[in-house]
1. For a quick check of your reading: which helices (runs of 4 or more DSSP H) sit entirely within the stretch B:1-112 and have at least 1 residues that are within 14 Å of another protein chain (Cβ to nearest Cβ)?
2. For the stretch A:102-126, give me each residue that is within 14 Å of another protein chain (Cβ to nearest Cβ) and in contact with a helix residue (DSSP H, G or I) (Cβ under 7 Å, 6 or more places away or on another chain).
3. Right, residue A:76: among the β-branched types (Val, Ile, Thr) and open to solvent by 20 Å² or more (accessible area, probe 1.4 Å) or not?
4. Restricting to the stretch A:33-61, name every residue that is more than 13 Å from residue A:105 (Cβ to Cβ) and either open to solvent by 50 Å² or more (accessible area, probe 1.4 Å) or at the interface with chain B (Cβ under 7 Å from one of its Cβ atoms) (or both).
5. Would you please name the residue that is most open to solvent (accessible area, probe 1.4 Å), looking only at residues in the stretch B:124-173 that are of a type in the set (A, V, I, L, M) and over 35 Å from the mean Cα position of the chain (by Cα)?
6. State which residue is farthest from the other protein chains (Cβ to nearest Cβ) when the search covers only the stretch A:1-32 and only residues that are in a helix (DSSP H, G or I) and not small (Gly, Ala, Ser).
7. Whether any residue in the stretch A:112-126 is part of a strand (DSSP E or B), touching a residue at least 24 places away in the same chain (Cβ under 8 Å), in contact with a Leu (Cβ under 7 Å, 6 or more places away or on another chain) and of a type outside the set (D, E, K, R) is what I want to check.
8. If residue B:34 satisfies every condition in (1) touching a helix residue (DSSP H, G or I) at 6+ places or on another chain (Cβ under 9 Å); (2) closer than 30 Å to residue B:179 by Cβ; (3) at pLDDT below 85 but one, which is the exception?
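The values are calculated or read from the model by the stated rules, or taken from the named source; none is laboratory data. Bear in mind the structure is a predicted one, so any value in this text is a computation, not a measurement. Because the Cβ atoms are built from the backbone with ideal geometry, glycine has one as well, and the counts that use them run over all protein chains shown. Keep in mind that these areas ignore ligands, DNA and RNA; they rest on the heavy atoms of the full protein, side chains included. Shrake-Rupley method; radii C 1.70, N 1.55, O 1.52, S 1.80 Å.
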Amino acid sequence: MAEEKPTRGRIFFEDQDIHKMKKSRLPRLRRKIGTVFQDYKLLPSKTAFENIAYVMEVMGASDKEIERDVPEVLEVVGLADKANNFPLQLSGGERQRVAIARALIHRPEVILADEPTGNLDPYNTSDIIKLLLRINELGTTVILATHNKGIINSLGRRVITLENGKVVRDEEKGKFRL
Amino acid sequence: MFTAFKRVIKSGWQSFRRNGGLSVATVFIMLMVIFLITSLYLLGGVTQFLIADLEEKVDISVYFKEDSSESNILKVKDEVAKIPEVKEIEYISKEEILDRFSQRYKDNQLLMESLQELGMNPFLPSLNIKAWQASQYGSVANFLENNSLKNIIEKVDYHERKPIIEKLSQITSNVNRVGLIFSITLAIVAVLVAFNTIRLAIYNLREEISIMRLVGASNWFIRGPFIIQGAIAGLVSAVISSLIVFAVCYFLSPKLEIVIPGFHLFNYLISNYLIVILGQFAIGVILGVFSSVIAIRRYLQV
């Protein structure tokens, strides 16, 4: 997301070094990536519906498109009945599902999920991972950062292991290893 | 573009409503600021009235020699009237001054008797001169003393009144200067308080600003609603402050008139209502918008 600069090395997105990009171009880059955070990062003064609609407004979507797409994605994450609730009125798992809906709404090429289940209980964790799997099956790349052994082992997908900021393993069908 | 603008306004109004406590606090502080600045303006009006009233009471008289002809005196009068500092000039003939004197002291027997005893008109014809400002009498007196017809002038009473006139002109300039410094200082303090309130309000929302950035909102899309919020707070404060000012002046006016006869505060406000109302709105909106723009700047870098 180009929020922090790496002390060494470079980060590319679509063949562009994102730290050499003009700052004014960053918003456009961020719109191509959907992000899910450990602490949800929802706007507290906006309802679930408005939080998701905000991304579409940022993209310049019409009111009609917003009215059509937001309920649809709320349905996908199973929160159709909580559209008008504010984040504080939702549970942790529900908030994370709103965050995923927000990351999903503009059909980004990549979803970056940074410890999305870090604050959740096992039931909610399983729901969120299933949701991310479905999104991946629909054709979106999902980058999931996690320390959760169970999740990694159950997924059986490509696993890249980082240690002290360096890539130490990159396996096509990886397992969690200490 | 239009849609984005509409959304910015809607979003600004929405957060103004939803952050009720914060909005009320901001409006309250801005209300105090606008009210204070308006009061200073009205106080300035009162001071100007008092000064003008005092200056109105000051004049100088030029007395002519007994044998000077009226045409010569009128010639002097015309010349003096041409000086830009002179506001008013009045010719008072010997007869007129006697009339006025007798009228004024008709109940004072002793004076009347001595006047009759005299058997003649003891008064000198004179010109009564009023300048725009107390400080200008010096130059008027100077002009008279260097005039070509100065030999028909018996005396100019400027020198007798000089200490009073100078004192008055000193007081007025002091009052004006102190008033100005006082007003500017208070206004600066008030503006800083309002600015800091808005800054704190935005500081509370820094987390939201960073979220907006992370989902790809452009700087203007983030800044817009905050600016609208500032403008709304300014507008609301201006409306409330106008109502309070008009109500206070309406009820205070008769009481103030007892202390300062001839000064009608409410009428003064009405005759300046356009500048007062526009001023209040301008202060409110400019303060709200500028504070928001400056306060939000630091959260938009990255």
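1. Correct list: B:2-18, B:20-56.
2. Across the stretch A:102-126, the qualifying residues are A:102, A:104, A:105, A:106, A:111, A:113.
3. yes
4. Once the filter is applied, which keeps residues that are more than 13 Å from residue A:105 (Cβ to Cβ) and either open to solvent by 50 Å² or more (accessible area, probe 1.4 Å) or at the interface with chain B (Cβ under 7 Å from one of its Cβ atoms) (or both), the stretch A:33-61 yields A:38, A:39, A:41, A:43, A:44, A:45, A:60.
5. Of everything passing the filter in the stretch B:124-173, B:124 is most open to solvent (accessible area, probe 1.4 Å).
6. Among those that are in a helix (DSSP H, G or I) and not small (Gly, Ala, Ser), it is A:25.
7. Yes - at least one qualifying residue is present in the stretch A:112-126.
8. Only one criterion is unmet by residue B:34, namely (3).
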